[in-house]
Amino acid sequence: MAILHVRNVSDTLYNQIKKLSKAESRSFSSEAVHLLEFAVHEKQAVYDQKKLMAGIKKRLLRKKINPNAPDGAELLREDRDR
């Protein structure tokens with residue numbers, strides 16, 4: 001397993017992690033690793049979502065829409081009126 005040394009951590013952040021570790025009954029090191037894992041997971045989820053949305057937009061731009069095609073709202077109104 002790798003070892004990570006972190007420098008220039010503010011006293012405020014250090015104390016917050018220390019409080020969380022006590023509240024969660026974890027060692028300081030375990031809490032720091034837990035918080036890092038959570039942050040990386042969240043950041044990766046945001047990245048994946050942005051990548052997915054970019055792919056969707058790219059596919060939509062490639063599709064040629066028929067200018068004579070009826071508007072989706074119009075189709076819904078017609079369907080509801082039946």
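Please verify whether L35 is surrounded by 10 or more Cβ atoms within 10 Å (Cβ to Cβ), of a type in the set (A, V, I, L, M), over 17 Å from the mean Cα position of the chain (by Cα) and assigned to a helix (DSSP H, G or I), treating the condition exactly as stated.
No.
Does at least one position in region 20-27 carry a residue that is at pLDDT 90 or above and under 24 Å from the mean Cα position of the chain (by Cα)?
Yes, because at least one residue in region 20-27 is at pLDDT 90 or above and under 24 Å from the mean Cα position of the chain (by Cα).
The values are calculated or read from the model by the stated rules, or taken from the named source; none is laboratory data. On a predicted model such as this, the values are computed, not experimentally measured, just so you know. Positions of Cβ are generated from backbone atoms using ideal geometry, with glycine treated the same way; all protein chains shown enter the neighbour counts.
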